[in-house]
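Asker: Provided herewith is a single structure, encoded as structure tokens, for subsequent inquiry.
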Amino acid sequence: MRLSRLFAKSSKTAPSDAETANAKYLIQGGFVDQEMAGVYTWLPLGLRVLRNVEQIVREEMDALGAMEIMMPSLQPKEYWETTNRWEGVDILFKLNSQTGKEYALGCTHEEVVTPLAKKFTMSYKDLPFATYQINTKFRDELRAKSGVLRGREFRMKDMYSFHTNQEDLTAFYNRALDAYVKAFERCGLKVKVVQASGGIFTQNVSHEFQALTDAGEDILIACPNCSFGQNSEIATLKVGEACPKCGGTLAQMKGVEVGNIFDLGTKYTDAFQMDFTNDEGEKKRVLMGCYGIGTTRLVGAIVETHHDDRGIIWPKSVAPAKVHLISFNSKDETTQSRIKSTAQEFYDAFTKEGIEVVWDDREVSPGEKMGNADLLGIPLRILISEKSLKEESVEWKLRSSSEAKLVKLEDVMEDVQAFVKE
């Protein structure tokens, strides 16, 4: 991708109303564009990040044996009346059709997936199974704020599992918990696994996954040494007490919820009368679990925990590109020609090798290019200039480091390939 051809431009100034790092840098860097409160267009660079995040999540769900589907966002009122949630969920967008029928825009999909699964579940031989989607959700938030952390339209991975008995559900629930921690770690986040109430979903056991950040709205009683934590609203332990997991001293922290998992029991299978026939020919009620990750929120949480005063510092696993190639201009025509041809050769070579690269080939000042590189936060910056070519080298700098070094032209390709594989 060449920045000179990118229609979505970064800005020299941050939005004046940005209260959080993700709101500031995602908009200023041209990753997203705010349509209205809580609603964003994901621009080319931002969409690359979102897709990388969602691919990591997809891989971890596939590893659990879950099967990906895509369910409709437009949901019939009758399903929500069946679960007694049409009037009970205050964040539900409701629509009146010109046909006289009423619909909901899905804020969650229990009301769709349960009758769907019922159609294909007859006996114990059909169970267990899990299915998931990565789709757009809608919630009528009164206070859409904090950039992409709290939106009215957002992306989510939601998975649902179906079981014949509690032991099997609990075993899958614990596997899903571990898969979530792994997915977040792959995205560059360390999370606290917080036992929580089920809220509008269930009164059974549930867990939240909290990324620590001052932009978070949740107050946690958590351990600084391990993943243990409790939401302060239901906490049984106090600040200063010993962590029951590792013995560390519990402290108060702020976090943003990036995922949650619920043991639903028979809450929704009771409503839709979803049964199976056991090996003795008896009708039994199916047990359910559900597991959500807000993928757009996850991008925001990554920015909140990976930035400095100059911009974003993307983890390599989710960055919009691995390499930010910069070519400075020179007043000397011969030197300028060599700078441009060298940059072109590297750009073509990286692209051929499948290495994602952004090339700043714009006709702007060196200062603007360097500032923009810090703002965009791509992991590796390779600078080609008159000064570096005098040394038959490029300047090599990691976004996460303050130090730069020279790398010989003939070594660049091998070193970049090694960097990408690390």
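The values are calculated or read from the model by the stated rules, or taken from the named source; none is laboratory data. Everything numeric in this text was worked out from a predicted model, so none of it was measured. Please note: Cβ atoms are built from the backbone with ideal geometry, for glycine as well, and neighbour counts cover all protein chains shown.
Asker: Please enumerate the residues belonging to segment 82-91 that are surrounded by 13 or more Cβ atoms within 10 Å (Cβ to Cβ) and within 23 Å of residue 273 (Cβ to Cβ).
Answerer: Across segment 82-91, the qualifying residues are 82, 83, 85, 86, 89.
Asker: Give me the residue from segment 137-152 that is out of contact with any helix residue (DSSP H, G or I) (no Cβ under 9 Å at 6 or more places or on another chain) and touching a residue at least 24 places away in the same chain (Cβ under 8 Å) and, out of that set, nearest to residue 122 (Cα to Cα).
Answerer: Across segment 137-152, the extreme among qualifying residues is 137.
Asker: Right, next: I'd like to know if segment 5-26 contains one or more residues that are in contact (Cβ under 8 Å) with a residue 12 or more places away in the chain and closer than 13 Å to residue 320 by Cα.
Answerer: So far as segment 5-26 goes, yes, one or more of its residues are in contact (Cβ under 8 Å) with a residue 12 or more places away in the chain and closer than 13 Å to residue 320 by Cα.
Asker: Another question about this same structure. List pairs: first in segment 353-369 and more than 22 Å from residue 48 (Cβ to Cβ), second of a type in the set (A, V, I, L, M, F, W, C), Cβ under 6 Å, 6+ apart or cross-chain?
Answerer: Taking only residues 6 or more apart or on different chains, the pairs are 366/328.
Asker: Exactly one condition in (1) over 22 Å from residue 5 (Cα atoms); (2) loosely packed, with under 13 Cβ neighbours inside 10 Å is false for residue 41; which is it?
Answerer: The failed condition is (1).
Asker: Might you check whether a residue that is in a loop (DSSP other than H, G, I, E, B), at pLDDT 95 or above, buried (at least 17 other Cβ atoms within 10 Å of the Cβ) and assigned by TED's automatic domain parsing to the domain that holds residue 56 occurs anywhere in segment 126-133?
Answerer: Yes.
Asker: Let me ask you something else. Of all residues in segment 7-38 being part of a loop (DSSP other than H, G, I, E, B) and under 21 Å from the mean Cα position of the chain (by Cα), which is surrounded by the most Cβ atoms within 10 Å (Cβ to Cβ)? First the steps, then the outcome.
Answerer: Step one: filter segment 7-38 for residues part of a loop (DSSP other than H, G, I, E, B), giving 7-20, 29-31, 37-38.
Add one more test, that the residue is under 21 Å from the mean Cα position of the chain (by Cα), and what stays is 18-20, 29-31, 37-38.
Working: 18: 17, 19: 12, 20: 22, 29: 25, 30: 21, 31: 29, 37: 12, 38: 21.
Looking at residues that are part of a loop (DSSP other than H, G, I, E, B) and under 21 Å from the mean Cα position of the chain (by Cα), I get 31.
Asker: So is residue 339 of a type in the set (A, V, I, L, M) and more than 32 Å from the chain's Cα centre (by Cα) or not?
Answerer: yes
Asker: Here's another thing I want to ask about it. When you check residue 74 against the structure, is it farther than 30 Å from residue 33 by Cβ, in the same structural domain as residue 20 (by TED's automatic domain parsing) and either among the charged types (D, E, K, R) or modelled with pLDDT of 95 or more (or both), yes or no?
Answerer: For residue 74, the condition - farther than 30 Å from residue 33 by Cβ, in the same structural domain as residue 20 (by TED's automatic domain parsing) and either among the charged types (D, E, K, R) or modelled with pLDDT of 95 or more (or both) - is not met.
Asker: Residues of segment 100-125 being closer than 28 Å to residue 297 by Cα and not in a helix (DSSP H, G or I), which ones?
Answerer: Matches in segment 100-125: 103, 104, 105, 106, 107, 108, 109.
Asker: Is it the case that segment 107-115 has a residue that's within 26 Å of residue 258 (Cα to Cα), touching an Asp or Glu at 6+ places or on another chain (Cβ under 7 Å) and among the hydroxyl-bearing types (Ser, Thr, Tyr)? Please lay out each step first, then the result.
Answerer: Let us first name the residues in segment 107-115 that are within 26 Å of residue 258 (Cα to Cα), namely 107-114.
Pick out the ones that are also touching an Asp or Glu at 6+ places or on another chain (Cβ under 7 Å) and you get 108-109.
Add one more test, that the residue is among the hydroxyl-bearing types (Ser, Thr, Tyr), and what stays is 108.
So far as segment 107-115 goes, yes, one or more of its residues are within 26 Å of residue 258 (Cα to Cα), touching an Asp or Glu at 6+ places or on another chain (Cβ under 7 Å) and among the hydroxyl-bearing types (Ser, Thr, Tyr).
Asker: While we're here: State all residues of segment 342-395 that are over 31 Å from the mean Cα position of the chain (by Cα), at negative phi, of a type outside the set (A, V, I, L, M, F, W, C) and not in a helix (DSSP H, G or I); if no residue qualifies, say none.
Answerer: Answer for segment 342-395, where residues must be over 31 Å from the mean Cα position of the chain (by Cα), at negative phi, of a type outside the set (A, V, I, L, M, F, W, C) and not in a helix (DSSP H, G or I): 363, 365, 385, 391, 393, 395.
Asker: Taking segment 384-422, which residues are β-branched (Val, Ile, Thr) and farther than 13 Å from residue 326 by Cβ?
Answerer: Residues satisfying the conditions are 407, 412, 416, 420.
Asker: On the basis of being more than 25 Å from the chain's Cα centre (by Cα), of a type in the set (Asp, Glu) and over 23 Å from residue 143 (Cα atoms), does residue 110 make the cut?
Answerer: In short, no.
Asker: Which residue is nearest to residue 374 (Cα to Cα), if the candidates are limited to segment 13-65 and must be touching a strand residue (DSSP E or B) at 6+ places or on another chain (Cβ under 9 Å) and among the hydroxyl-bearing types (Ser, Thr, Tyr)?
Answerer: In this case the residue turns out to be 25.
Asker: Something else: From 284, 182, 238, which residue is more than 20 Å from residue 150 (Cα to Cα), in contact (Cβ under 8 Å) with a residue 12 or more places away in the chain and in a loop (DSSP other than H, G, I, E, B)?
Answerer: On the way: 284 fails: in a loop (DSSP other than H, G, I, E, B); 182 fails: in a loop (DSSP other than H, G, I, E, B).
Within the list 284, 182, 238, the selection yields 238.
Asker: Now a separate question. Tell me, which residue of segment 241-273 that is touching a residue at least 40 places away in the same chain (Cβ under 8 Å), hydrophobic (A, V, I, L, M, F, W, C) and in a strand (DSSP E or B) is surrounded by the fewest Cβ atoms within 10 Å (Cβ to Cβ)?
Answerer: 253
Asker: Among the residues of segment 290-311, is any in a loop (DSSP other than H, G, I, E, B) and among the aliphatic types (A, V, I, L, M)?
Answerer: Restricting attention to segment 290-311, the residues satisfying the condition of being in a loop (DSSP other than H, G, I, E, B) are 306, 309-310.
Right, trim to among the aliphatic types (A, V, I, L, M) and you get none.
No, segment 290-311 has no match at all.
Asker: Pull up segment 212-235, narrow it to residues that are in a loop (DSSP other than H, G, I, E, B) and under 21 Å from the mean Cα position of the chain (by Cα), then point me to the one that is nearest to residue 193 (Cα to Cα).
Answerer: The selected residue is 227.
Asker: Across segment 288-309, which residue is surrounded by the fewest Cβ atoms within 10 Å (Cβ to Cβ) among those that are more than 10 Å from the chain's Cα centre (by Cα) and of a type in the set (Gly, Ala, Ser)?
Answerer: Among residues in segment 288-309 that are more than 10 Å from the chain's Cα centre (by Cα) and of a type in the set (Gly, Ala, Ser), the one surrounded by the fewest Cβ atoms within 10 Å (Cβ to Cβ) is 292.
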